[in-house]
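Novice: I have a structure here, written as structure tokens, and I will follow up with some questions on it.
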Amino acid sequence: MTNTDYNYIDREKSWLTFNARVLQEANDENVPLLDRFRFLGIFSNNLDEFFRVRYAAIRRMSLESTETEKILGVPAEQLLKEITEIVIEQQSESLRILSEIEKKLEKENIFIISEKDISKDQENFIHDYFIQKVSPAVVTIMLNDLEEFPLLKDTSGYLAVKLIMKSKEKSDLNSKEIRYAVVEIPNTVNRFVVLPSNSEKQYIILLDDVIRYNLNNIFNIFDYESISAHMIKITRDAQLEFDSDLSKSLIEKISSSVKERRVGEPVRFVYDQAIGKDTLEFFLKGMKIDSSDSIIPGGRYHNRRDYMNFPNLGRYDLLYRENVPLPVPGLSLEGSILEKIKKKDYLLYAPYQSFSYIIKFLREAALDPKVASIKITLYRLAKNSQIVSSLINAAKNGKKVTVQIELQARFDEESNISYSEQMQTEGIELIFGVKGLKVHSKICVIERIEEGRVKRYGFISTGNFNENSAKVYTDVTLFTSNTEILKDAAKIFDFFDVNYRVHRYKHLIVSPHYTRSRFNKLIEREILNAISGKEAYIKLKMNSISDFKMTDKLYEASKAGVKIQLIIRGICCLKPGVKGLSENIEAISIVDNYLEHSRIYIFGNNGNPDVFISSADFMTRNLDARVEVTCPIYDEEIKKELIETFEIGWKANVKARIHSDDLKNVYRKRGDEKTFRAQLEMYNYYQKKLDVIAESVQ
């Protein structure tokens, strides 16, 4: 049986298709040159994570199973080969794009040079830079005489070095001694070195080539006649293995397993295809990399995720114009935000609007004498987090602060452990979630004593409380003092504390107990409306849909005549527009300057739509294996606003691609209609709201 015999698209291939959309942005000549570099970096970073998590999981499945495991009818081993083929093709395309961008930069007088292009004027600077900045951070290991091959980290790039030693006797090359070494490219030094220039031309050299230029400085104690260095990179399985020792705390167990991750099984090996065959074989053998791993020939430079931080060189004309985050109408960063929220709900849509309101909310709660307690869930935090600083400030002011922090937020474990220890020291009560469930919900509840009674205020969001990612991730946050909603939110914190008791929620939809069944009922209602000849539609904006049961339910709705519009940034296992199956379903993906991360769910309800914001995608883990929160929107103005923002996304015909079962990433066209770039129009939408208010005041 082949994939075409199924009603679903393979999850891994759909994800790779999403990453191909990121690569399309790097290839788009309408994207500013330096931002095209950023998209190349995002593409590479995404691919690293894919191999560490998804590819590694399938590889484990293929190795551990006694029978041939199949995914949508395809044996796991075959799927691994197909993934590798797709990645090799994408990597080749990314190298072509990189070369094209570099040529275009030269027309802008920006030159990326290698160690072979260094001029006399640049020699001294590069030599001094190496001695002062690079050399102290470089780790070099001679390999020939080691009993065991050293552990190479998957967060670093390496130069595989081959030295052909001089011989006193004249002999042919094959009899000469060959030594191998590995040089770790330090992460503590900027990958891109901007060279001084006396002209209009600007020069950049990669750290890799600074090291190549100074190889003799590293290996001058060896009497060699030739030396070569080619970049290699390894990716390891990122699965965490937990110690069963009951005497250890959760922090100790996760900290230990994060350290163990560093020695995880290799799953991908990328190498410079110009490397010598003997050198490649030496490293593959030493690292015990075999055919079950993904071995990918690449270009001269790896770890291209670093291109996300390519220097701007003061050339803002080669970057997207930065839109200043707008204020939320009716809310001020100067007056009391709690007094405003007491009167009505407010919606914040970042990064179009300022994330500072969330910081302001917590700062005010920390100082307000009437605030007794603050409870919040944290998943991914910014470096030097203002959120954590505000919570510590609250604790120092005598507030009872309770933080549920997810220690298993993938690749943020070390950061979250560090923040946990910092908050514990300051007297904050920490909750480490529920055994077997990640806590992915984004909620905050404060309790304020007003006239002798407890009054709750809070916010519920689709995104992490992270002021850095809020600059590039689109997310919505509801500020509310709605008694019923916040009573439900408080119950979630009770569940964290006593998780053998399953609470009933009257308003919030909470995973893992209720989300699947509630969404099924909402879809079922649209099906019944369609059958009855009533208006019936579903509009969903999310990151991914991969749960087969939810997909089947949407197919059922489509067959009943429900009109379904999906804006899905990433994985889409659903096949839209298939006659007799999903002909009433359209699905698009928007990939642009910001990362589309908000989750907005709209159900027609015969002309009286129900609107929700959520932390959950339609993925099995979000529905059944995490604590997620979906919040209904009761304020009619905010409900209208969310419907209008969905429609703005749906009109997109510049950065929108059509989801299809052939995974072609075809751009959506709208006939004679003018170009409509959703993210730009979204900013304009919120600017116009402010303009209307300003005009009404005049």
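Novice: With the cut-off at 1.5 for a/c, could you classify region 434-527 from its C-alpha gyration tensor as rounded, prolate or oblate?
Specialist: Because its axes are fairly even, with a/c under 1.5, region 434-527 counts as rounded.
Novice: With a point put 7 Å past each Cα toward its Cβ, work out how far VAL697 is from GLU148 in nm, to one decimal.
Specialist: Label-label distance for VAL697 and GLU148, simple model: 6.8 nm.
Novice: Report the trypsin sites (Lys or Arg not before Pro) located in region 368-441 that are in a DSSP loop and have at most 14 other Cβ atoms inside 10 Å of their Cβ, or state none.
Specialist: Answer by residue number: LYS370, LYS383, ARG410, LYS435.
Novice: Using 0.36 nm times the number of residues separating ALA372 and ALA137, minus their current alpha carbon distance, what extension gain do you get? Could the numbers behind the result be given before it?
Specialist: Numbers: separation 235, 0.36 × 235 = 84.60 nm, distance 4.88 nm.
Full extension of this stretch gives 79.7 nm more.
Novice: Continuing with the same structure: Fully extended, how many nm does the chain gain between GLU644 and LYS688 (0.36 nm per residue separation, minus their Cα-Cα distance)? Please report the intermediate quantities before stating the final value.
Specialist: On the way: separation 44, 0.36 × 44 = 15.84 nm, distance 1.31 nm.
Stretched out fully, the GLU644 to LYS688 stretch lengthens by 14.5 nm.
Novice: Right, another one. For region 120-160 and region 583-601, what is the centre-to-centre distance using only Cα atoms, to the nearest Å?
Specialist: Measuring centre to centre over Cα atoms gives 43 Å.
Novice: Something else: If you fit an axis through the alpha-carbon atoms of helix 548-560 and take the longest principal axis of the Cα set of the chain, what angle between them do you get, 0 to 90°, nearest 10?
Specialist: 50 degrees
Novice: Give LYS153/LYS176; LYS471/LYS553; LYS639/LYS689; LYS233/LYS438; LYS396/LYS506; LYS400/LYS442 a once-over and call out the pairs whose C-alpha atoms are over 25 Å from each other.
Specialist: LYS153/LYS176; LYS471/LYS553; LYS233/LYS438; LYS396/LYS506
Novice: Follow-up. Given contacts defined as C-alpha pairs under 8 Å and at least six residues apart, what's the relative contact order of the chain, whole-number percent?
Specialist: Relative contact order, the chain: 12 percent.
Novice: Convert each backbone phi in region 505-516 into a coupling constant with the Karplus relation 6.51 cos²θ - 1.76 cosθ + 1.60 (shift: θ = phi - 60°), then list the ³J(HN,Hα) values in order as whole Hz, x for Gly and Pro.
Specialist: These are the phi-based 3J(HN,Hα) values: 10, 8, 10, 6, 9, 10, 7, x, 8, 10, 5, 4 Hz.
Novice: Which loop-located GluC sites (Glu not before Pro) does region 358-426 contain, where loop means any DSSP state but H, G, I, E or B and the Cβ has at most 15 other Cβ atoms within 10 Å?
Specialist: Those that pass, being in a loop and sparsely packed, are GLU426.
Novice: Residue-wise, which Karplus ³J(HN,Hα) couplings in Hz belong to region 607-616, taking 6.51 cos²θ - 1.76 cosθ + 1.60, θ = phi - 60°, and x for glycine or proline?
Specialist: x, 10, x, 9, 10, 9, 10, 8, 8, 9
Novice: Loop only by DSSP, 10 or fewer other Cβ within 10 Å of the Cβ. Give me the GluC sites (Glu not before Pro) in region 429-492 that pass, ordered by residue number.
Specialist: The qualifying sites are GLU451.
Novice: Taking the dipole about the Cα centre of region 631-698, with the C-beta of Lys and Arg at +1 and of Asp and Glu at -1, give me whichever of ILE648, ALA678, SER660 is farthest to the positive side.
Specialist: With unit charges placed on the Cβ atoms, the residue in question is SER660.
Novice: Identify, among MET61, GLN91, PRO75, the residue whose Cα sits farthest towards the positive end of the charge dipole of region 1-117, taking +1 on the Cβ of Lys and Arg and -1 on the Cβ of Asp and Glu, with the dipole about the Cα centre.
Specialist: Checking the options against the dipole of region 1-117, the answer is MET61.
Novice: Compute the angle between helix 11-27 and the longest alpha-carbon principal axis of the chain, please, reported from 0 to 90 degrees and rounded to the nearest 10.
Specialist: Here the helix axis deviates by roughly 70 degrees.
Novice: Also, I was wondering about something else. About the Cα centre of region 337-504, what is the dipole size in debye to 20, counting +1 per Lys and Arg Cβ and -1 per Asp and Glu Cβ, all else neutral? Numbers along the way, then the final one.
Specialist: Numbers: 26 positive and 20 negative charges, 91 e Å.
In total the dipole reaches around 440 debye.
Novice: Apply the a/c threshold of 1.5 to the C-alpha gyration tensor of region 337-504 and tell me whether it is rounded, prolate or oblate.
Specialist: Rounded shape, in that the Cα axes give a/c under 1.5.
Novice: Please give the net charge around ASP635, taking every other residue with its beta carbon less than 10 angstrom from that of ASP635, where Lys and Arg add +1 and Asp and Glu add -1.
Specialist: Once positives and negatives cancel, what remains is -1.
Novice: Tell me, what HN-Hα J-couplings in whole Hz come from the Karplus equation 6.51 cos²θ - 1.76 cosθ + 1.60 at θ = phi - 60° for each residue of region 157-167, using x for Gly and Pro?
Specialist: Ordered by residue, 3J(HN,Hα) equals x, 9, 9, 8, 10, 10, 10, 9, 7, 6, 10 Hz.
Novice: Which label marks the calculated value of volume of the Cα convex hull per residue in Å³, given the options (1) 155; (2) 210; (3) 193?
Specialist: Of the labelled values, this structure produces (2).
Novice: Okay, moving on. Working from Cα positions, state the angle (0 to 90°, nearest 10) between the long axis of helix 33-50 and the longest principal axis of the chain.
Specialist: Tilt of helix 33-50: around 90 degrees.
Novice: For a 22 Å ceiling on Cα separation, which of these pairs sit above it: LYS521/LYS651; LYS360/LYS539; LYS70/LYS549?
Specialist: Correct reply: LYS521/LYS651; LYS360/LYS539.
Novice: Here's another thing I want to ask about it. Tell me whether region 3-309 comes out rounded, prolate or oblate; compute the Cα gyration tensor, take square roots of the eigenvalues as a ≥ b ≥ c, and use a/c under 1.5 as the rounded threshold.
Specialist: oblate
A short reminder: the numbers here are calculations on the coordinates, not readings from a lab. None of these values were measured; they are calculated from a predicted model. With ideal geometry, Cβ positions are generated from the backbone for all residues, glycine too; neighbour counts draw on all protein chains shown.
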